[in-house]
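Written below as structure tokens is the structure these notes are about.
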Amino acid sequence: MAAEAAPTGWWMYHGDPAHTGRAGPIESTITAAALRARQFGVVATLRLGGPVLAVPAVSDGFIYVGLASAPGLAPARRGMLHKVALATGKIAATFTWPIEPNGRDTHGFRGMGTTPAVVGGRVYFVDFDARLHCLDASTLTAIWTTDLRNRDMAHNQPVQSFDPTGDTPPAAGWSSPLVVNGRVYVGIGACENPTLYSFVFCVDAGTGNVIWIFCTNQFATGYQNKPNELPASVLKGLASPPSPFTVRNGAPVTLGCSVRGSIAYDANLDRLYCPVGNGVPGGPSATQGWSNGLLTLNATTGAFVAFFQIPAESNHRESDIDADVGASPVLYTLPSGQRVVAVGARNGSFFVLDADTLACVAWRRLLPTFTGTSDAENQSGIYSTAAVDPIRGRLFVGVGGNNHRAVAPGIDTETTPFLRALDWITLADAWATVDYPYMGRNVRRYAVGTPPLYSNANESGPGSPAIANDVVFMATSFVSLYAFSAADGTLLFEDRLGHETGGFDGGYGTCMGPAICGDYVVAGALVFGGDGGVLRIYGLTPAGE
């Protein structure tokens, strides 16, 4: 493959391979001063044919956005990815692909729910049927497709994880692809599936051929799985596996444990950071094997490096289960020169780890002490990838989970903001706080930014924030997009994209976060009514308009 052209804009999940979620003065002209002057607003609103379950990619003046079919809507027969002109909102090209009749993810979604990666004149994305696609970025014509659920020997892919006789959801693609150094990295599996193995695939970006595979299910306690060491059950039907793969017999410590978020990459360490989830349905935090934590691999060889598991003592409440890591990690460098990786968990805690060893540098519960009833599963934790503000030394993290559970939806609105501003070393609050009386005690709340903080019942922040210079954008389960001053939390802009689903259409009525490019911000959502989805383009207007 020819050398990759330098990617532009918000070209992959959370902006770059380190997932910093930041657009500086070179990448964006959006500032707090411009928003205060009311020079920012809606450019276009599009109904594209289905829900948008992921942050779009934006590169070279175009938006690349995929659609899903929600369980509450008629099943889609074909998946769809659009290329949309950023300045006008006009569709420039569309790619469609057939959806398998029994294809779906754990939640019943079809189509796709990942952010494409746009690099080297190509678009890479994975769909819910676990097929990795490579398209020409100009025309959206297919270059290659590699099946990562079903055996695809034409692309050196020997894994057969789909059992058509089973009654559990098959392996799916929820991990937005990471594309670096001519390779595509993606996680495939299904968390909480006690019958299914999960894997990290490294694929040649030019050909779609698999280079190496790492099984994220630890084969034995204390054992470090080897790259290309594959369970015998996924190789059934082969007389022998092709080179360089080998067979591993016997049951692992646990199944499930799939990579749900996008894999992050550190160029200096040549390291992959893979967030992994539960091994069994609704398991407690300290489960066996490589579950509920962060797994690191050598990016070149796929060799195991280290694993950090979310400690049970970091739980928001003792009854918490299902405290897996669905958020993607983010990498940054502290003033001391230490390289760190930060990640949140669904148990409500956030962690800063040494990027080399995964030793814990700092951690903090971002939720108040729980005092009410529980449905035994934390619905208020962290699904969000943090955005890094290196100018002010801060992290911005969305707080709160899905908003459709009857007992514990969203977050405790009175005590918990859907967006946290944290010191990037200590994780102390970076915006000013004041005492707020609550149930006979005082809790600390941000002094500014209310409303919308602490205002709309159960409004949570499963979406990932993004920073443009001194502005932090945050999307929420209220299906709203907000802009705050990164300096102090002052609200600068707000817009509601649609209405919550109320548990219909998959129960994920929300916007998963914005993408930033130049004068523009782009956000898509799953909303109630119509075809279940919306894409909105925001931008700066010329002075005087």
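The values are calculated or read from the model by the stated rules, or taken from the named source; none is laboratory data. Nothing here was measured: the structure is a model prediction, and the numbers come from that model. Glycine also receives a Cβ, built like all others from the backbone with ideal geometry; neighbour counts cover every protein chain displayed.
Can you give me the number of residues within the range 49-98 that are surrounded by fewer than 21 Cβ atoms within 10 Å (Cβ to Cβ), of a type in the set (Lys, Arg) and at pLDDT 95 or above?
Adding up the residues that qualify gives 1.
Against the definition (farther than 29 Å from Val119 by Cβ and either more than 22 Å from the chain's Cα centre (by Cα) or not aromatic (Phe, Trp, Tyr) (or both)), how does Leu235 come out, yes or no?
Numbers: farther than 29 Å from Val119 by Cβ: yes; either more than 22 Å from the chain's Cα centre (by Cα) or not aromatic (Phe, Trp, Tyr) (or both): yes.
Against the criterion (farther than 29 Å from Val119 by Cβ and either more than 22 Å from the chain's Cα centre (by Cα) or not aromatic (Phe, Trp, Tyr) (or both)), Leu235 qualifies.
Among the strands (runs of 3 or more DSSP E) confined wholly to the range 290-360, which include 3 or more residues that are within 29 Å of Asp204 (Cβ to Cβ)? Talk me through it step by step, then tell me what you get.
Values: elements: 293-298, 304-309, 330-333, 339-344, 349-354.
Strands (runs of 3 or more DSSP E) meeting the threshold: 293-298, 304-309, 339-344.
Of the residues that sit in the range 281-297 and are surrounded by fewer than 22 Cβ atoms within 10 Å (Cβ to Cβ) and under 21 Å from the mean Cα position of the chain (by Cα), which one is modelled with the highest pLDDT?
Result: Pro281.
Can you report the number of residues in the range 239-253 which are without any contact (Cβ under 8 Å) to a residue 12 or more places away in the chain and within 12 Å of Met153 (Cα to Cα)?
Residues that pass the stated criteria total 1.
Just checking: which of the strands (runs of 3 or more DSSP E) contained wholly in the range 468-545 hold 3 or more residues that are in the same structural domain as Asp389 (by TED's automatic domain parsing), modelled with pLDDT of 95 or more and surrounded by fewer than 22 Cβ atoms within 10 Å (Cβ to Cβ)?
491-496
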